[in-house]
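Below is one structure, written out as structure tokens; the observations come after it.
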Amino acid sequence: MMALLEVDNVVVRFGGIVALDGVTFDILEGQIVGLIGPNGAGKTTLFNCCSRLYTPNAGDVLFKGTSILGLRADKIASLGIGRTFQNLALFPTLSVLDNVLIGGHSRTKSDTISNAFRLPWVRREESELMAKSMDLIEFMGLAEVVNTSVGALPFPYQKRVEMARALASDPELLLLDEPAGGLNHEELDHLMEQIRDVRTNRQITVLLVEHHMSLVMQ
């Protein structure tokens with residue numbers, strides 16, 4: 001079976017500091033893989049290489065057998081890689097719904113001209129995106145705050161929005177950067193169920209960085 005993600009001897013240096021030194025691993029389709037390590041070990045740096053925010057000094061990152069290092073970061077979501085951020089990358093003045101819709105627009109085909117003319121296929125595409133976004137909002141337990149500005153929500157709710165936004169891009173591979181941070185025990189249990197559901201029922205492979213060992217082990 002071909003690996004969905006291949007990290008091949010990746011090296012990243014920041015000046016004289018070696019953040020990643022020959023990192024190599026594969027992830028097969030359908031796996032949930034946990035990446036653990038102390039602060040400063042380079043876990044988020046690795047995520048940034050996989051999502052093209054960083055370019056390694058050496059090595060390669062392949063998705064479905066093809067190197068992604070020649071792609072711009074804004075093309076990664078349309079390729080099939082979604083991610084969340086340890087420091088949330090949301091639009092605080094926009095509603096929950098609008099933030100999730102933005103995540104889905106990476107997969108739409110409409111452009112400025114087709115939107116201006118409101119072509120039938122554009123309206124159909126927008127309707128499908130709205131339905132998908134609402135489904136994800138329900139899945140993440142955000143229905144009661146769907147029209148609330150994200151900046152007005154508690155941090156655990158914002159983390160749910162971040163995950164829904166990443167899922168809205170229809171990823172084959174979901175990168176979760178410390179998804180359990182700031183969650184209480186009950187919220188952590190719910191997150192574990194959601195990650196399993198993402199893999200089992202939505203057929204999405206998951207790579208997560210986490211300090212919370214109970215989440216990683218389960």
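The values are calculated or read from the model by the stated rules, or taken from the named source; none is laboratory data. In this text, all values refer to a predicted model and were calculated from it rather than measured experimentally. Neighbour counts run over all protein chains shown; Cβ positions are idealised from the backbone, glycine included.
When you go through PHE25, PHE47, PHE14, PHE85 one by one, which is the residue that is closer than 30 Å to GLY151 by Cα and out of contact with any helix residue (DSSP H, G or I) (no Cβ under 8 Å at 6 or more places or on another chain)?
When all the criteria are applied, what remains is PHE47.
Scan the stretch 53-79 residue by residue and report those that are assigned to a loop (DSSP other than H, G, I, E, B) and crowded, with 18+ Cβ neighbours inside 10 Å.
TYR54, PRO56, ILE68
Would you check which residues across the stretch 31-52 are part of a loop (DSSP other than H, G, I, E, B), in contact with a Lys or Arg (Cβ under 9 Å, 6 or more places away or on another chain) and over 12 Å from GLU210 (Cα atoms) and list them?
Residues satisfying the conditions are GLN31, SER51, ARG52.
Taking the residues in the stretch 88-102 that are touching a residue at least 12 places away in the same chain (Cβ under 8 Å) and part of a helix (DSSP H, G or I) as candidates, determine which candidate is surrounded by the most Cβ atoms within 10 Å (Cβ to Cβ).
VAL100
Quick one: what pairs do we get from the stretch 140-165, first residue under 17 Å from ASP197 (Cα atoms) and not assigned by TED's automatic domain parsing to the domain that holds GLY181, second of a type in the set (Gly, Ala, Ser) and surrounded by 18 or more Cβ atoms within 10 Å (Cβ to Cβ), C-beta under 8 Å, 6+ apart or different chains?
Partner pairs satisfying both residue conditions: MET140/ALA164; LEU142/ALA164; ALA164/GLY103; ALA164/SER133; ARG165/GLY103.
If you take the residues in the stretch 1-58 that are in contact (Cβ under 8 Å) with a residue 12 or more places away in the chain and among the aromatic types (Phe, Trp, Tyr), which one is farthest from ALA73 (Cα to Cα)?
PHE25
Looking only at residues in the stretch 161-218 that are among the hydroxyl-bearing types (Ser, Thr, Tyr) and in a helix (DSSP H, G or I), which one is modelled with the lowest pLDDT?
Going through the qualifying residues, I end up with SER214.
Quick check on my filter: what residues within the stretch 43-68 are among the aromatic types (Phe, Trp, Tyr) and over 20 Å from VAL18 (Cβ atoms)?
Scanning the stretch 43-68 gives a single hit, PHE63.
Which residues, counting only those in the stretch 1-20, are loosely packed, with under 13 Cβ neighbours inside 10 Å and in a strand (DSSP E or B)?
PHE14, ILE17
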